[in-house]
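Below: one structure, written as structure tokens.
Read the figures in this text as sums done on the coordinates, not as results from a lab. The structure presented is a predicted model; accordingly, all values stated were derived computationally and were not measured. Backbone-built Cβ (ideal geometry, glycine too); neighbour counts: all protein chains shown.
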Amino acid sequence: MDKRYSVIFFNLLKDKDEFKHRMLRLGVSGEVSEEIIKKAPVILKKNLSLRDARIYSDAIFEAGARAAIQAEDHADEDTNKDASSVIVGMKDFIMCPQCGHKQVRSEACIKCGFVFKKG
């Protein structure tokens, strides 16, 4: 199985209205763009090939925002599931106390394997 990637939106690099206009040209409504900006950092796309993640990340940069590509851990996920329109807010992220990696909240760190305390 090929490794899969997510694209994460962090913040604006340009004017908010300019960003929303450029995102509209990419097919993203103004309301969705506004929600993305409010909830940053958010996962914009999941389950992408590295090539597609780079293309998507570059499009976000050209629209006026900073985005990053993060490798996904699909150990217990269905790879046929399309979660491309999921918006995850800041409260859904966690920083690993062992290695400092920031990721979407899960049972264990995807970088070092540290198991997070439940509760």
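Quick notes on this one:
- Put in order of Cβ neighbour count within 10 Å, fewest first, the listed residues Leu12, Leu26 become Leu26, Leu12.
- Cβ-based exposure ranking for Lys117, Lys14, in which fewest neighbours within 10 Å come first: Lys117, Lys14
- Karplus-derived 3J(HN,Hα), 6.51/-1.76/1.60, for each residue of the range 41-55, Hz, glycine and proline x: x, 9, 7, 8, 9, 10, 6, 9, 5, 4, 4, 5, 5, 5, 4
- Tensor-based shape of the range 1-73 (alpha-carbon gyration tensor, a/c under 1.5 rounded, otherwise prolate or oblate): prolate
- Near-label residues of the range 29-47 by backbone N, under 19 Å of a point 7 Å along Cα→Cβ of Ile110: 40-47
- Burial ordering of Phe19, Phe93, fewest other beta-carbon atoms within 10 Å first: Phe93, Phe19
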